[in-house]
Every structure is written in C-alpha cells, then in structure tokens.
Amino acid sequence: MMPSILIIIILFIAFAGSDLLAYFSQIRLNYESGQIRKLFLRPPSVFEEKRRLMEPVLLNHIDFYRHLSPVAKVKFLYRCAAFMQRKRFIGKEELEITEEMKMLISAAAVQLTFGLREFQLEHFDTIIVYPGVYTSPLTGANHLGETSIKGVIVLSWQHFLEGYKSSTDKINLGLHEMAHALDLSRMVKASDPFFHAYFVKWHAVAGETFNEVNQEEEHFLRKYSGTNDREFFAVSVEHFFEDPQEFKKNLPHLYRHLSILLRQDPVALGLSQHTLLSWVSNQPTWNKRDVHMLKHFQSDFPFWYATKWMMLPLGFFILISAMNSGEDLQFATLLLTSRFFIGVIQFFFRSRIVEVIDNFVVVRSAVFPFMTKSFAMENIISIRYDLHRKGSVHLVYLQEGEVHSAVYSIGLSREDYESFKNAMSNKDVSMSY
Ligand SMILES: [Zn+2]
C-alpha cells in the first residue's frame, strides 16, 4: 500500500513539479500586490509615518519616483522600507550614516529591481559608504564604488549624490553598483528566477553592441561599457534609466531586451505594467503561408531514432524465440510486445522535425502535420541539444512575458547539429550541446 502511494506522489511531483513551483511563487507575488493594494486603500498610521519621512527625500532626489503612479509609489515605498531594514550600513572615514542616506541608497536598488519579484539583492547584506573617492583595501587603487561577490557594496557618497543630481548625464554610481550586485547575484544563485533565465538572451543580444562600442570612435554607450560583460550591463543600466528615449531610438533592439530583462520600461514610466507586456509579447506569429520564406535548415526524418523502440523489441523477440521455447518465451513475448506498442505510440507522438525558416524555428511532428509549433527568434532564449541522450532538444523561450521550456525528440547527427547551429548563427540565440 505505502509504496504505491509513494510512487503516485513521485509521479505527481515529476509531472507537476514546475507547475507547483510557479503556483507558489504566484501566491507570493499576489501576497505582495495584495499588501500594496491594502496600503494604498487604507494606509495604517505606521505606513503614513514612514511615508512622511521618506517621500520628501525621494521626491527631492529620485526622478524615477516622481514619475510613478500613486499605486506604484506605494510599492516603491514599501520595497524601499523593506530593503533598508535588511541591510547593514557602515560609514567609513568618520562618515555618519543618516536615515536619508539609507533611503536613497535603498531607492537605487529598488528602482533597478522595480519590475522583478525578488528585489532585495539578498546576497548583499553590507553597504559601506565613504564620503568621497577612496583607496580600496582590496585593489589598492582609487575607487568611486565597487561591488564584491562576498556580498558587499561600496559607494562614495559624494558621487552617489552627483549621480542623481543630473538625471540625464547617463552617469549614476548607485544604479551602476546595484546593477553589478544584481548581475553577481546570478553567480550565487540568489537572483530573481526570471532575471536569471532571461540573462542568457540578454548576453546573446548584447554581443554585437559590445563589439561596436570597442570598434567605433563614438558610441551612444559610454566607452567604459566596452571593458567587459559586467561593465557593459552596468553602463547599459545607467543609460537605460537616465536617457531611455535616446536609448530606445539609438539601440531599439538592445533597449527592448533590457526592458524585458528588468521587466520595466522607463519610457513608459507611470503607465501600467500591461502596457509594457503588450509590446513585449507583440511578436510576429508564423503561419503556413510563410513557408515560401527562406528555409535555412531542415532536419531529416528521424527514422532510426523514431522507430528504435519498435525495431529493438522486434529484434530481441526474433533472437529469443530462435534460442528458446516454452514457458520462458511467453513472458518474453508479453514484455517485448508491450514495448513494441509503446514504441509505436512514441513514434506517432514524439518524433519531430525541426526547421529554421527565416526568423522562426518551427518544430513539426514527423507524422501529424497539424502538430506544429513555431517560435520567433526574438522569443527563443536558448537551445540545448543533448547528443549523449541522442535526440532531445531542450528549448527555452519567452511567451507572454514568462519563461517556458520544452523538450522535443529530434534525431540529429553531429553534422546535422552543426548545420542547425550554422543556420542559427547571428540569431541572438544561445546554442549548446
Ligand atoms: Zn563597474
């Protein structure tokens, strides 16, 4: 009795595990928006007290906050207060940490992670503040700020304030260091799950612009972004918040993917999240009439892969019946016949053909023409081909603002895989096996 219950539970988790996780994270998200709605409709006196203290400071320094809708302002204050409470602030060189400093530094983090679910930058529990330029005990060089994987963010207060003084010079130390912290959070697996998954796409998309920055004399992005991947992300974040209109005009592709990655659109600040999601999911969809478009790759019909679970049992059956007779044969017949029929079912429902047509990857059933799914390149994050467990393709993609994944059985030889990969070059999709 017990083992069968255990098996049912294991099967349930195996099939519904990811759905369950999504369900619970949704509950948590709903909890936060419920809290915010409550604070907005019936603010308790404790919250009113906090708002009286924080709001003037935020309005005075943070342009981003000024432009938020009334509900979004409540969310910002709520998150800011939570962030402040969780961090240890240390003043160096006799700098005394004030409440205002805590608020503004927290505000930089909250602004960056405003669209994400996990906004706390959990891994970073200590924030060290110097009055101005300082000599780093780590590198011995002069710094304005640094962020370490050990969970420490260091800032020059003078430069932090200057970053917010002009909100259009595209320099903002606070956002820069918080961007490093968010980026590094991926390394210790403490980042927002969506951010973590979509960063792969961002990385693939950013490559081209990164090279341009290093090759061209003048570029929209500050030269420093060409230093390495991490600086490229941090500097992009500064431009994203300080000059979103120009960013969107100059680098629309990069802007679009940074918007998706951070789940917010500074150009449409103050508009609802719906507005953002609508242009994000407004993607071309493939239909049968598009077949005339350029076909770059088509996999072969996966004959051996698709039929091996029919052929193998058949072969064994012939072998065993040639060697045996009587009772043993009956059991083997039962076993092999059932495997044969499972193989037939697998052949009909699981075998796929993959095609690269223009800017789409199309996955067709090898048997039923109506079983077709297409993915716009813009939405595909990564494709991993498992050569060892021959034939499975793991596809991660964006759909209606969420990351999904799918596994298909596609028998590709190593050469096939290479031409698949060639057809996918310059498509901003991460390919691996
Ligand atoms: Zn940096």
(message) Considering only residues that are surrounded by 15 or more Cβ atoms within 10 Å (Cβ to Cβ) and away from the ligand (no atom under 12 Å from the Cβ), which ones fall in region 204-225?
(response) ALA204, VAL205, ALA206, THR209, PHE210, VAL213, HIS219, PHE220, LEU221
(request) Hey, could you check region 99-111 for residues that are surrounded by 14 or more Cβ atoms within 10 Å (Cβ to Cβ) and out of contact with any Gly (no Cβ under 9 Å at 6 or more places or on another chain) and say which is farthest from TYR23 (Cα to Cα)? (result) GLU100
(message) Where the second residue is buried (at least 19 other Cβ atoms within 10 Å of the Cβ) and at pLDDT 95 or above and the first is outside the structural domain of ALA108 (by TED's automatic domain parsing) and within 17 Å of ILE128 (Cα to Cα) and lies in region 177-192, which pairs have Cβ atoms under 6 Å and are six or more apart or on separate chains?
(response) none
(request) Among the numbered conditions (1) surrounded by 14 or more Cβ atoms within 10 Å (Cβ to Cβ); (2) in contact with a helix residue (DSSP H, G or I) (Cβ under 9 Å, 6 or more places away or on another chain), tell me where VAL200 comes up short. (result) (2)
(message) I need the full set of residues from region 331-357 which are out of contact with any strand residue (DSSP E or B) (no Cβ under 8 Å at 6 or more places or on another chain) and either β-branched (Val, Ile, Thr) or exposed (fewer than 11 other Cβ atoms within 10 Å of the Cβ) (or both), in order please.
(response) PHE331, THR333, LEU334, THR337, ILE342, VAL344, ILE345
(message) Is it the case, given these coordinates, that ASP169 is assigned to a loop (DSSP other than H, G, I, E, B), within 17 Å of ALA108 (Cα to Cα) and not small (Gly, Ala, Ser)?
(response) yes
(message) Testing GLU402 on (1) surrounded by fewer than 16 Cβ atoms within 10 Å (Cβ to Cβ); (2) under 26 Å from GLN346 (Cβ atoms); (3) touching a residue at least 12 places away in the same chain (Cβ under 8 Å); (4) not aromatic (Phe, Trp, Tyr), one condition comes back false. Which one is that?
(response) (2)
(message) So, in region 88-118, how many residues would count as being out of contact with any Cys (no Cβ under 8 Å at 6 or more places or on another chain) and under 18 Å from ASP192 (Cα atoms)?
(response) 10
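Condition check ((1) under 27 Å from ILE383 (Cβ atoms); (2) within 15 Å of the ligand (Cβ to nearest atom); (3) hydrophobic (A, V, I, L, M, F, W, C)) across all residues:
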{"position": "LYS170", "(1), (2), (3)": "no, yes, no"}
{"position": "ALA179", "(1), (2), (3)": "no, yes, yes"}
{"position": "PHE195", "(1), (2), (3)": "yes, no, yes"}
{"position": "PHE199", "(1), (2), (3)": "yes, no, yes"}
{"position": "TRP202", "(1), (2), (3)": "yes, no, yes"}
{"position": "GLU246", "(1), (2), (3)": "no, no, no"}
{"position": "PRO252", "(1), (2), (3)": "yes, no, no"}
(request) Please state which one of PHE316, PHE331, PHE340 is out of contact with any His (no Cβ under 7 Å at 6 or more places or on another chain) and at pLDDT below 80. (result) PHE331
(request) Answer with yes or no whether ALA107 is within 11 Å of ARG79 (Cβ to Cβ) and among the aliphatic types (A, V, I, L, M). (result) yes
(message) Criterion first (within 30 Å of GLU402 (Cβ to Cβ), among the hydrophobic types (A, V, I, L, M, F, W, C), out of contact with any Phe, Trp or Tyr (no Cβ under 8 Å at 6 or more places or on another chain) and away from the ligand (no atom under 11 Å from the Cβ)) does VAL237 satisfy it?
(response) no
(message) Against the definition (within 17 Å of HIS253 (Cβ to Cβ), away from the ligand (no atom under 11 Å from the Cβ) and of a type in the set (Val, Ile, Thr)), how does VAL188 come out, yes or no?
(response) no
(request) For PHE232, indicate whether it is closer than 21 Å to ALA108 by Cβ, touching a Gly at 6+ places or on another chain (Cβ under 9 Å), at pLDDT 75 or above and within 16 Å of the ligand (Cβ to nearest atom). (result) yes
(request) Taking GLY207 as the residue in question, decide whether it is within 18 Å of GLY145 (Cα to Cα), part of a helix (DSSP H, G or I) and of a type in the set (Gly, Ala, Ser). (result) no
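The values are calculated or read from the model by the stated rules, or taken from the named source; none is laboratory data. Here the structure is a predicted model, which is why all the values come from computation and not from measurement. All Cβ positions, even for glycine, are placed from backbone atoms using ideal geometry, and neighbour counts span all protein chains on display.
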